[in-house]
1. Could you tell me whether any residue of region B:73-86 is without any contact (Cβ under 8 Å) to a residue 12 or more places away in the chain and under 24 Å from residue B:126 (Cβ atoms)?
2. So which of A:295, A:285, A:349, A:327 is modelled with pLDDT of 75 or more, assigned to a loop (DSSP other than H, G, I, E, B) and β-branched (Val, Ile, Thr)?
3. Kindly indicate which of B:88, B:70 is under 30 Å from residue B:232 (Cα atoms) and over 23 Å from the mean Cα position of the chain (by Cα).
4. So, residue B:16, is that one open to solvent by less than 10 Å² (accessible area, probe 1.4 Å), away from every other protein chain (no Cβ under 13 Å), at pLDDT 95 or above and touching a Lys or Arg at 6+ places or on another chain (Cβ under 6 Å) or not?
5. Do you know which residues across region A:202-232 are surrounded by fewer than 20 Cβ atoms within 10 Å (Cβ to Cβ) and in contact with a strand residue (DSSP E or B) (Cβ under 8 Å, 6 or more places away or on another chain)?
6. Residue check, residue B:161 against (1) at the interface with chain A (Cβ under 7 Å from one of its Cβ atoms); (2) in contact with a strand residue (DSSP E or B) (Cβ under 7 Å, 6 or more places away or on another chain); (3) farther than 20 Å from residue B:130 by Cα, all met but one. Which one?
7. Give the residue, chosen from A:212, A:240, A:208, A:233, that is under 19 Å from residue A:114 (Cα atoms) and at the interface with another protein chain (Cβ under 7 Å from one of its Cβ atoms).
8. If I go through region B:165-194 residue by residue, how many of them are facing chain A (nearest Cβ under 7 Å), more than 20 Å from residue B:114 (Cα to Cα) and either basic (Lys, Arg) or open to solvent by 10 Å² or more (accessible area, probe 1.4 Å) (or both)?
Protein chains: 2
Amino acid sequence: MNTVKIVGTGLLGTSIGLRLRTRGVRVLLADASPTMAALARDMGAGEPDDGSACDLIVVAVPPDVAGQVIAAELRRDPGATVTDVASIKGLLLQQVRGLATKAELDRYIGSHPMAGREKSGAVAARHDLFIGRPWVVCSDEDTPPGRLRQVLALIETMGATPVHLEPDFHDAAVARVSHAPQVIASLMAAQLVDAPPEGVGLAGQGLRDVTRIAASEPGLWARILSGNAAEVRRVLLGVRDGLDRVIDALDTGEGAGADAGAGVDAGAGSRTLKPGAVAELAGVIAAGNEGYDRIPGKHGQAQRRFEPVTVLVDDSPGSLGRLFAAIGEIGVNIEDVRIEHAAGQPLGIVEVFVEPRVAHELAEALRRRGWRVPVERLTEENT
Amino acid sequence: MNTVKIVGTGLLGTSIGLRLRTRGVRVLLADASPTMAALARDMGAGEPDDGSACDLIVVAVPPDVAGQVIAAELRRDPGATVTDVASIKGLLLQQVRGLATKAELDRYIGSHPMAGREKSGAVAARHDLFIGRPWVVCSDEDTPPGRLRQVLALIETMGATPVHLEPDFHDAAVARVSHAPQVIASLMAAQLVDAPPEGVGLAGQGLRDVTRIAASEPGLWARILSGNAAEVRRVLLGVRDGLDRVIDALDTGEGAGADAGAGVDAGAGSRTLKPGAVAELAGVIAAGNEGYDRIPGKHGQAQRRFEPVTVLVDDSPGSLGRLFAAIGEIGVNIEDVRIEHAAGQPLGIVEVFVEPRVAHELAEALRRRGWRVPVERLTEENT
């Protein structure tokens, strides 16, 4: 790769530019908004597009305009290989087929990096966004090997892992693992809009995790969901089937507003539920267990590979600095850190993740130095 | 507190015992399963129940049997204050009222610590499980102050923060922030059961977060959901309303099995959707934004209230200590920290969250000291 043009300097386009620049590749930046292109340039993602011919063009615009932009780029630069990073692939390929000649089509290979953040725009970009992530490539038997090699070289440069999939298979898969979960998280979070503050104040990490991606951008997601409507709808119909079964199982026959406890025998909280209702509820949770177990790397890498050492610190300036200085003196490398602030207490709960073999030693060394280190947690393997 | 009896040595009961033991309180352990009681004892949570009179009895059994156990304990030990940790409070109180005398009722104060793990049982217990967490107390005007003080002393010993709520208010609140999210996470995870492995392999952190609590125990959750059926159902009906609207908005009129792209104009991926459908989808995501913003606590609020300053550090022992020492010298208080590792590179990306008014100053001061501080990211409000 000598010269790569990036069309669309949002989160993904700018992140790709940043990383290409670390490898010395010449990067041309184009965006419908000159301000956004200038921001990406200021961040170090490349230089303004001067119309030079390119080896590779990466289209990183929203999915509803990607087809037109891909076709325009294929026409404009007759030597370039063109790829895109849109999260829908089937509909997009059809659009490009309708707009491009056969010769132009030979130069187009759709792709989709499975990476993102709940923040968007060039300012959220980072050159390491794609490291270790799957990057779907939608080539087929007609794809010229030299063109495919260019796209694979891009993926390798990003530190990502290429995954070859059919466009329709891709769309069905991302509907399940990305698009439908977005809808579900948003719908759950929306139930909090009119909740009393004292009630929402009881929220724990479970609710935070379920709803974290509900912070995502409405405009972009309306485009993504629209572009993969049939597949997302299919998954959501499955969710609704399950939801209907749960709602039916929870029906005490008294209406949602009635006092659920009236007339219930002591010790038989579920007596007013229909026969089979409890088994239905347990079945839904059990099916969730089974589905969850299918997710690779589900616990997050840091939690799996590293052991947490919990330290209680005063919630005051400098206390974290003293803690990390102490850990540095002890000579242990910190792999990850989580800080929680105790509700209503001037106390921080710091979880320092380290290599399992040094966790006990670190805990002991910190205790000897007067740090408050509660009894170590067991690793997941031990529980 | 001299002697506390814990009835039910699962995750919560054993965790309470572990912490009471660190304070030298005598803890008696009872469980319907002698094996489970012995496991809790072996973990250091207390000694076998010998029938001694107690100051305080903590009932930590599943919610469907809690009422009977509470009533039995009130009768057995006529001097003891009895509390419980069940996640339903309204129905339980009614059950206890049906089983206990007025004098016995005066000694019962229901409570509920907002803490847990997706793992269950004594082996998952930790004495710091409750630190900084809200702990709901359901006392009323008839509660003798001396009895209430005993329960508050327990909560204080656990490091938790008491929150006084009416039983019915509590049940409605936990339906929203805990019970319904459990159902939603399980239903989403269940959609992965028959997904092809290559598809699930595309999963990212978003799906992992949405489904993390889907790993929870079916039996316990069937009991919890049954015991709070009306309130959970009410929240789920709200989710279903939203889900129906999304499913309707995604209807391309071609059926879920049809080829969504057929006959679509190039560049108009959403052309086949009904008028208003895209706005409906954007509205659902926007409502999710709004609901998510209402969740107090760490990674929601910390990210919003505080400004991240990103620093690139060598991934070696001591480098974090030097960084935090420098920040301490600069005199800035750290509110939160996130560390990401660039896989395969000896580099850590540290996000230090601070008060917005000092973020720029901190970035400049760190740069002057030779730290690698890339261009500051804008806060979410600015993106």
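1. No, every residue in region B:73-86 fails to be without any contact (Cβ under 8 Å) to a residue 12 or more places away in the chain and under 24 Å from residue B:126 (Cβ atoms).
2. Values: A:285 fails: assigned to a loop (DSSP other than H, G, I, E, B); A:349 fails: assigned to a loop (DSSP other than H, G, I, E, B); A:327 fails: assigned to a loop (DSSP other than H, G, I, E, B).
Within the list A:295, A:285, A:349, A:327, the selection yields A:295.
3. Working: B:88 fails: over 23 Å from the mean Cα position of the chain (by Cα).
The conditions single out B:70.
4. Values: open to solvent by less than 10 Å² (accessible area, probe 1.4 Å): yes; away from every other protein chain (no Cβ under 13 Å): yes; at pLDDT 95 or above: yes; touching a Lys or Arg at 6+ places or on another chain (Cβ under 6 Å): no.
The answer is no for residue B:16.
5. Correct list: empty.
6. Looking at each condition in turn, residue B:161 falls short on (3).
7. On the way: A:240 fails: under 19 Å from residue A:114 (Cα atoms); A:208 fails: under 19 Å from residue A:114 (Cα atoms); A:233 fails: under 19 Å from residue A:114 (Cα atoms).
Selected residue: A:212, the only one of A:212, A:240, A:208, A:233 that is under 19 Å from residue A:114 (Cα atoms) and at the interface with another protein chain (Cβ under 7 Å from one of its Cβ atoms).
8. Total meeting the criteria: 3.
The values are calculated or read from the model by the stated rules, or taken from the named source; none is laboratory data. What you are looking at is a predicted structure, and each value in this text was computed from that prediction instead of being measured. A quick note on method: Cβ atoms are made from the backbone with ideal geometry, for glycine too, and the neighbour counts reach across all protein chains shown. Ligands, DNA and RNA are excluded from the accessible area calculation, which covers all protein heavy atoms including side chains. Shrake-Rupley method; radii C 1.70, N 1.55, O 1.52, S 1.80 Å.
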